[in-house]
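Before any comments, here is the structure.
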Amino acid sequence: MKKLISTITMLAATSAIGMQAHAQSRDYINIVGSSTVYPFSTVVAERFGKSTQFKTPKVEATGSGGGIKLFCQGIGVQFPDITNASRAIKSSEVDMCKENGVKGIVEVLIGYDGIVIGNSANAKQLDLSRKDLFLALAKEVPDPKGGETLIENPYKMWSEVNPSLPKRKIEVLGPPPTSGTRDAFVELVMEEGCKEIDWIANIEKQSKAESDATKSKQLKNKFKGICHTVREDGAFVEAGENDNLIVQKLNANPNALGIFGFSFLDQNIDQIQGSAIDGQAPTFESIADGAYPVSRPLYFYVKKAHVGMIPGIREYLAEFTSKKTAGEEGYLTDKGMIPLSEDKLDAVREKVESLTTL
């Protein structure tokens, strides 16, 4: 009987070890993150799978924040190898990674993208300022009667924000807080528009001039609270991470505007158009030369500990940062990505080859 129990125990242990070994093996790269970077990452992954002996990487669009959260959960095959991001990783996120043992992170800058405020190609093209957008979308705005007080956003029509804009209901479809596009929109559009109101801009100046660290932080938080908080009364509608859904909704409602990356506009130019921002239309050229005011860098982040653990990561990095992919004549420019200069791309490639970490 003892021998039988021993045999059963040994078989169970062997089975458990076999299952564990299976769970701990993965022969493809697992990528999560930004919906903006997703189309670029997908086309590189597909070409990589076809042109090498490695399997095509699995790419999921989870949003920049959501992707970094998954990426930072730990080291091992059950966690993603790479996360795409349409903004730089935050210091708090690097700390979160470290707490979970993810200490060696390689940052890869891949190019640039513009943030577009667009509408249906069948509607009138708009010319908006960043101040217009702040006043239209902030939760609280300066009292129109004057003074340095804030009130709940009273504006229902674009013409109420700026008489030169159409008498049309404010309805903007945008990404959720987990999206890097949302983060960049808040920072590059809302905050910049907010700064055009002198007494609010002075709060930020005071925060920088304040020698007391606690008071400085309080002022900084007050400034961000005003400039970064989006209204929640229906004028701004969270449309999720699926940009295709935004296009469908813009076509169904020509009065609505949507927020998305230039690359998505470029791929759907027959259906949607971009508004001019501060007098500059979103074009490949205006983003590349810096004339368009709302552009941002695109990244992905790699776990150094997974290089060698998961086959093909080094080779995927080499493919993504090659001139034929991300260079000025690379195939990603056909997808709407604004490329790095040759010098910058060379510097990125050097960093990638040496796996230089943050």
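For the range 116-124, state whether one or more residues are among the polar types (S, T, N, Q), outside any helix (DSSP H, G or I), surrounded by fewer than 23 Cβ atoms within 10 Å (Cβ to Cβ) and assigned by TED's automatic domain parsing to the domain that holds residue 233. Looking for residues that are among the polar types (S, T, N, Q), outside any helix (DSSP H, G or I), surrounded by fewer than 23 Cβ atoms within 10 Å (Cβ to Cβ) and assigned by TED's automatic domain parsing to the domain that holds residue 233, one finds at least one in the range 116-124, hence yes. Out of all the residues in the range 169-200, which are farther than 21 Å from residue 225 by Cβ and open to solvent by 30 Å² or more (accessible area, probe 1.4 Å)? Passing the criteria: 169, 171. Could you list, in sequence order, the residues of the range 57-102 that are closer than 16 Å to residue 302 by Cβ and either touching a Ser or Thr at 6+ places or on another chain (Cβ under 6 Å) or at pLDDT below 95 (or both)? 59, 64, 67, 68, 71, 84, 85 - these are the residues of the range 57-102 that are closer than 16 Å to residue 302 by Cβ and either touching a Ser or Thr at 6+ places or on another chain (Cβ under 6 Å) or at pLDDT below 95 (or both).
Residue 210 meets the conditions (1) in contact (Cβ under 8 Å) with a residue 12 or more places away in the chain; (2) touching a helix residue (DSSP H, G or I) at 6+ places or on another chain (Cβ under 6 Å); (3) not polar (S, T, N, Q) in every case but one. The failed one is (1). For the range 89-115, residues that are in a strand (DSSP E or B) and of a type in the set (A, V, I, L, M) total 6.
Scanning the range 192-214 for residues that are closer than 13 Å to residue 142 by Cβ and among the basic types (Lys, Arg) gives a single hit, 195. Within the range 269-277, one or more residues are closer than 12 Å to residue 118 by Cβ, open to solvent by 60 Å² or more (accessible area, probe 1.4 Å) and in the same structural domain as residue 135 (by TED's automatic domain parsing).
Across the range 217-249, what is the number of residues that are polar (S, T, N, Q) and either at pLDDT below 95 or under 22 Å from the mean Cα position of the chain (by Cα) (or both)? Selection size over the range 217-249: 4. Among residues of the range 334-350 that are modelled with pLDDT under 95 and of a type in the set (Asp, Glu), those with a Cβ under 8 angstrom from a residue that is surrounded by 13 or more Cβ atoms within 10 Å (Cβ to Cβ) and assigned to a helix (DSSP H, G or I), sequence gap 6+ or separate chain, pair up as 342/323. Can you find a residue that is part of a loop (DSSP other than H, G, I, E, B), farther than 22 Å from residue 74 by Cα and either assigned by TED's automatic domain parsing to the domain that holds residue 321 or not small (Gly, Ala, Ser) (or both) anywhere in the range 36-49? Yes: the range 36-49 contains one or more residues that are part of a loop (DSSP other than H, G, I, E, B), farther than 22 Å from residue 74 by Cα and either assigned by TED's automatic domain parsing to the domain that holds residue 321 or not small (Gly, Ala, Ser) (or both). From the list 109, 70, 135, the lone residue that is more than 22 Å from the chain's Cα centre (by Cα) and not charged (D, E, K, R) is 135. Filter the range 41-53 down to the residues that are buried (at least 20 other Cβ atoms within 10 Å of the Cβ) and touching a strand residue (DSSP E or B) at 6+ places or on another chain (Cβ under 7 Å), then identify the one that is nearest to residue 319 (Cα to Cα). Within the range 41-53, the match that is nearest to residue 319 (Cα to Cα) is 45. When each of 207, 179 is tested for being over 23 Å from residue 156 (Cα atoms) and under 16 Å from the mean Cα position of the chain (by Cα), the lone residue that passes is 179.
The values are calculated or read from the model by the stated rules, or taken from the named source; none is laboratory data. Given the structure is predicted, the values throughout are model-derived calculations rather than measurements. Cβ coordinates were reconstructed from backbone atoms using ideal geometry, including for glycine residues, and neighbour counts include every protein chain displayed. For accessibility, only protein heavy atoms count, side chains too; no ligands or nucleic acids. Shrake-Rupley method; radii C 1.70, N 1.55, O 1.52, S 1.80 Å.
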